[in-house]
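The values are calculated or read from the model by the stated rules, or taken from the named source; none is laboratory data. Nothing here was measured: the structure is a model prediction, and the numbers come from that model. FYI the Cβ positions are ideal-geometry reconstructions off the backbone, even for glycines, and counts take in every protein chain you see.
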Amino acid sequence: MQSKQYPGIGETLFSAVLPNGLQLQVVPKEGFSSYYAVFATDYGGAHRRFVLDGRTVDTPAGVAHFLEHKMFDLPSGDNALNLLSANGADPNAFTSGGITCYYFQCTDRFEENLRLLLHFVSTPYFTAETVQKEQGIIGQEIRMGDDDPGTAIYYNLLGLLYAHHPIRDKVAGTVESIARITDRTLYDCHKAFYAPSNMCLVVEGDVDPERIFAIAQEELPQEKAEPPKADFGPPEGPLPVGAVRREAMAVSAPQFYIGAKIVPAVGDRVLRQRLVAQLALRMLAGHSSPFYARLYAQGLLNRDFDYEADFTAGTGTLILGGESAEPLQVLEELKREVARICAEGLDEKRFERAKRASLGARLRGLEDFDNVCISLAMGLFDGYCALDAAGLLESVTAEECRAFLCENLAPERLAISIIDPIDTKRT
């Protein structure tokens, strides 16, 4: 295994690629009592069409999420979640638009738990009966999500921004789409996306990296398969397909998301773009920004207002939102603030403070094993190392952030999704 020192943050990262193609990263933490392991696949809700062995495969919405649910079932009849819990581990999993992660944290019996994690994720077991049962369970979950304002406002925004990219559809799918999933669908997608060459393993704790390498070799399939090629359709244009969408639900005050899509960087620019995006949004709309302070004083925003730059499945989306009695007025104020920044630039003293605050947040994040491991896993699939962020952040300039805002948050690039209270819906 190769090692890289990060003296600025006091970390050492060991990396390797196994003969079967698995990407492995280990962060040793000598003297720590806690262990964390993430076993992830470069496969999420948006990977619905892909090319495998020269043929195009189309799958219904919701397969990746459905597969995550079913992977805990073992041929023996046991449930891996229960076995890990009985071993004192705290296990779970999640599926996003671009990735599926299985993980656990424990303080004892780490190697036993790691072997179990690798075993059950690489051992598919599905039957027509268990698939039918899960369709009912996930169908209920989907219906509950249909009544959730947070889910509605988010996917309504993606529907405004994206014309056809599957990221606009719910990761869990619909009741109708999951009804088309069969045990054969799950076996085919597991074979395609759960090959070690399409996966990564990240471990942090008081461990020997070479030992982790050996365990992975022992537990996982030996053959190296060709990873599938995702097909997300033709490139999206820079403009949204719609500007405003309003829906009425059972909320006490209007909720809104303002968003814009951006073209993700490639190669060695990937991590820099993400750092610039986060810092630019902090300067524009963070809780110490003039924009937020002014609108907070006017009663147009409250402490729930937040922002994020989301990069997944070949997309980049900037989102700002919260709660406001006048969401459209917030949108207009945001446009004016972006125009002011484009004309005047960013205040250098505020920028340096924001950069230090961002660096501090990243350093605090190193205390959380889950944050480190999941960030490393996502970075592996997107071609960067998350531990490089602290050092690279130092070189980001105010002019980069100004240019980023001017290009990507121009008025014609913005869309707004609003959830109104049922009794005050506006037309």
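Tabulated data for the structure shown
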| read-out | value |
| --- | --- |
| Number of positions in the range 251-269 that are more than 21 Å from the chain's Cα centre (by Cα) and either hydrophobic (A, V, I, L, M, F, W, C) or crowded, with 19+ Cβ neighbours inside 10 Å (or both) | 4 |
| Verdict on Ala163 being closer than 30 Å to Lys261 by Cα, outside any helix (DSSP H, G or I) and not assigned by TED's automatic domain parsing to the domain that holds Leu320 | yes |
| Candidate set: the range 200-213, residues that are buried (at least 21 other Cβ atoms within 10 Å of the Cβ) and over 10 Å from Leu24 (Cβ atoms); chosen: the one farthest from the chain's Cα centre (by Cα) | Val207 |
| Subset of the range 56-91 [outside any loop (DSSP other than H, G, I, E, B) and more than 17 Å from His119 (Cβ to Cβ)] | Thr56, Val57, Asp58, Val63, Ala64, His65, Phe66, His69, Asp90 |
| Unmet requirement for Thr95, which otherwise passes all of (1) touching a His at 6+ places or on another chain (Cβ under 6 Å); (2) surrounded by fewer than 18 Cβ atoms within 10 Å (Cβ to Cβ) | (2) |
| Selection from the range 251-265 of residues that are in a loop (DSSP other than H, G, I, E, B) and either in contact with a strand residue (DSSP E or B) (Cβ under 6 Å, 6 or more places away or on another chain) or touching a residue at least 60 places away in the same chain (Cβ under 8 Å) (or both) | Val251, Ser252, Ala253, Pro254, Pro264 |
| Leading residue by the ranking (surrounded by the fewest Cβ atoms within 10 Å (Cβ to Cβ)) among those in the range 1-48 that are over 30 Å from His165 (Cβ atoms) and of a type in the set (Phe, Trp, Tyr) | Phe32 |
| Filter pass, Leu300 being part of a loop (DSSP other than H, G, I, E, B), modelled with pLDDT of 95 or more, among the hydrophobic types (A, V, I, L, M, F, W, C) and in the same structural domain as Leu387 (by TED's automatic domain parsing) | yes |
| Counted residues, the range 161-195 - those being more than 15 Å from Met71 (Cβ to Cβ), in contact (Cβ under 8 Å) with a residue 12 or more places away in the chain and of a type outside the set (Lys, Arg) | 17 |
| Residues satisfying the stated conditions in the range 214-250, i.e. over 25 Å from the mean Cα position of the chain (by Cα), part of a loop (DSSP other than H, G, I, E, B), surrounded by 14 or more Cβ atoms within 10 Å (Cβ to Cβ) and charged (D, E, K, R) | Lys224 |
| Filter result for Phe104 (surrounded by fewer than 16 Cβ atoms within 10 Å (Cβ to Cβ) and either in a loop (DSSP other than H, G, I, E, B) or modelled with pLDDT of 95 or more (or both)) | no |
| Subset of the range 218-237 (residues that are acidic (Asp, Glu) and either farther than 11 Å from Asn20 by Cα or touching a strand residue (DSSP E or B) at 6+ places or on another chain (Cβ under 7 Å) (or both)) | Glu218, Glu219, Asp231, Glu236 |
| Condition met for Gly98 (in contact (Cβ under 8 Å) with a residue 24 or more places away in the chain and assigned by TED's automatic domain parsing to the domain that holds Ile215) | yes |
